[in-house]
Amino acid sequence: MKVASFDIFDTTLVRKSGKPENIFYLLSKRAYPHDEALQNALFLWRKGAEQKAMERQAKDNPTLEDIYAEFDWRSFPTCESKTLMTWEVELEMSDLVPVESTKQLIARKRSEGYTICFISDMYLSGEVLKRKLQTEGCATEADRVFVSCEWNADKRTGRLYEVVRTHLGNISHWEHYGDNVRSDCKQACRKGIKAKRVYTDYTGAERQVMDSMRYSPLYFDLSILVGMQRAARLSQSVSSGSYAMADRDNAADFV
């Protein structure tokens, strides 16, 4: 069996809002649209909630339910954890768009006879992520999705690759594609997988804008705008070749 596996976030799908924590910022805005103090408090709680769940529950890979089990309902008496979880999933799903070059690569590997699967270090369920991948035309019903929170194993340590190998069976050739140098490249190589890095990073101009506004009260709003620009260029189809991609990125930077 020939396998081609793909990281999900920032490889196959990218957030329009940019950084992962910006989802928490948007969640706080939705929960408390007219109360800036509670917005800030909820944002800070959610930003630290995953780490607290890991420490208190002694789980390296908590689920979203595990994270919200730590919900501080005394500080937010007008919010219910189930409602916030639902809103967070809705925000994540509406925020994600496919990386067009990766989508084309998946289609090519599929046509070459590779078994396709997706691997992610994430607290969202595999069912939710697979549904989004299918909606965006990246996955089929037959494709497997392996998520760290469901196996208590992650790419960061390399253990999730072992889970994939066990469940897929006899793999004669395995290629993995991802954006993270450690999790997607170094750890995959250590497991005997041919790793190839996917570049979806911010351009120099995008990073410069965010760095210059890091201590501004408008930082998160600007970060979301830069994320939208990044997602817009990565979701566009361009002809193959470095010149075409450079033209696209230069145009985005000019805007």
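When a/c is below 1.5 the answer is rounded, else prolate if a/b is larger than b/c, else oblate, so apply that to the stretch 113-166 with a ≥ b ≥ c taken from the square roots of the Cα gyration tensor eigenvalues. Because a/c hits 1.5 or more and a/b fails to exceed b/c, the stretch 113-166 counts as oblate. Inter-part distance, the stretch 73-107 to the stretch 1-66, computed on C-alpha centroids, equals 8 Å. Our summary gives the chain a relative contact order of 28 percent, counting only alpha carbon pairs under 8 angstrom and 6 or more residues apart.
Amide hydrogen proximity for Lys19: with H placed 1.01 Å from N in the peptide plane, no residue at 5 or more positions away or on another chain lies under 5 Å. For the stretch 180-197, the Karplus equation 6.51 cos²θ - 1.76 cosθ + 1.60, evaluated at θ = phi - 60°, returns couplings of 8, 4, 6, 6, 8, 10, 5, 5, 5, 4, 5, 9, x, 9, 7, 9, 10, 7 Hz by residue, with Gly and Pro reported as x. For the stretch 1-93, the direction-averaged projected area of the alpha-carbon convex hull comes to 7.6 nm². Under 5 Å between amide hydrogens, built in the peptide plane, is the criterion, and for Val14 it picks out Val97, Val99 among residues at least 5 positions away or on other chains.
When the stretch 37-175 is described by a simple charge dipole with +1 on each Lys and Arg Cβ and -1 on each Asp and Glu Cβ, the residue from Leu160, Ser125, Gly113 located farthest towards its positive end is Gly113.
For the chain, report the % of Cα-Cα distances exceeding 28 Å. The share of Cα pairs beyond 28 Å in the chain comes to 38 percent.
The simple Förster model, with R0 at 25 Å and r as the Cβ-Cβ distance, assigns His173 and Glu136 a FRET efficiency of 0.40.
The shape of the stretch 101-208 can be summarised by an equivalent ellipsoid whose semi-axes, obtained from the alpha carbon gyration tensor, come to 21, 18, 16 Å from longest to shortest.
None of the figures in this text is laboratory data; all of them are computed from the coordinates on show. These figures come from a predicted structure and were not determined experimentally. FYI the Cβ positions are ideal-geometry reconstructions off the backbone, even for glycines, and counts take in every protein chain you see.
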